[in-house]
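Asker: The structure under discussion is supplied below as structure tokens; questions concerning it will follow.
The values are calculated or read from the model by the stated rules, or taken from the named source; none is laboratory data. Note that the coordinates shown come from a computational prediction; the quantities given were computed from them, not determined experimentally. Cβ atoms come from the backbone with ideal geometry, glycine included; neighbour counts cover every protein chain shown.
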Amino acid sequence: MGPKKLFAIAGMVAAFTLAEEWKVDSEHAQIKFSIKGPFGTVHGSFGGLKAKIAFDEKNPSSATIEASVDPNTVATGIGIRNHDLRTEEIWLDTKKFPEISFHSTKIEKSDKGFKAVGNLNLKGVSKTIEIPFTFTGNENSGTFKGEFTINREDFHIGKKGGSVGDNVTVTLEVPVKK
């Protein structure tokens with residue numbers, strides 16, 4: 001086998017190398033949201049992130065993200081609102097829909113970092129969304145940060161119109177280690 005053929009095979013193997021797995025520090029991960037409410041902006045969060053992240057910033061096309069949260073962890077600082085968000089059919093209806101999940105279908109480099117395209121599954125509805133994100137880290141640890149907006153009506157959350165805003169902005173900060 002000549003040197004050219006050997007280099008070609010080595011290049012093909014390198015191109016198909018899978019991204020390395022990152023372990024999520026769920027305890028310190030932050031999943032926050034904001035939406036306009038009748039008396040100002042409502043801020044909240046979800047906890048208990050479970051995720052499988054395979055990511056190599058030099059080869060983003062080999063990356064994959066699978067993540068989920070339990071909607072029962074929703075916290076807005078007001079107990080009765082948290083209860084209603086969890087239990088009311090019009091809101092998250094967590095007995096019927098016990099998970100919010102995202103599964104990437106493509107990850108690519110962007111002007112400001114990276115972009116994950118995938119399916120967000122929320123309240124029985126699956127929609128393709130884009131999550132712009134950055135990654136800061138080294139060989140052993142790092143942090144993913146991202147932000148995206150969804151229309152709550154696309155996922156049958158709340159009543160059409162009304163005093164609650166349509167757009168929910170979600171911010172993510174996910175520390176990881178190898």
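Asker: Just wondering, is there one or more residues in the stretch 115-126 that are touching a helix residue (DSSP H, G or I) at 6+ places or on another chain (Cβ under 9 Å), modelled with pLDDT of 95 or more, closer than 16 Å to PHE46 by Cα and hydrophobic (A, V, I, L, M, F, W, C)?
Answerer: Yes, there is a match, as at least one residue in the stretch 115-126 is touching a helix residue (DSSP H, G or I) at 6+ places or on another chain (Cβ under 9 Å), modelled with pLDDT of 95 or more, closer than 16 Å to PHE46 by Cα and hydrophobic (A, V, I, L, M, F, W, C).
Asker: Looking at the structure I just gave you, is SER34 surrounded by 14 or more Cβ atoms within 10 Å (Cβ to Cβ), outside any loop (DSSP other than H, G, I, E, B), modelled with pLDDT of 95 or more and not basic (Lys, Arg)? Steps first, please.
Answerer: Details: surrounded by 14 or more Cβ atoms within 10 Å (Cβ to Cβ): yes; outside any loop (DSSP other than H, G, I, E, B): yes; modelled with pLDDT of 95 or more: yes; not basic (Lys, Arg): yes.
For SER34, the condition - surrounded by 14 or more Cβ atoms within 10 Å (Cβ to Cβ), outside any loop (DSSP other than H, G, I, E, B), modelled with pLDDT of 95 or more and not basic (Lys, Arg) - is met.
Asker: To continue, here is another question. Which members of the stretch 135-170 meet the condition of being among the β-branched types (Val, Ile, Thr), exposed (fewer than 15 other Cβ atoms within 10 Å of the Cβ) and over 20 Å from PRO38 (Cα atoms)?
Answerer: THR136
Asker: Oh, and also: I need a count of the residues in the stretch 91-130 that are under 17 Å from ILE65 (Cα atoms), without any contact (Cβ under 8 Å) to a residue 24 or more places away in the chain and among the basic types (Lys, Arg).
Answerer: Residues meeting the conditions: 1.
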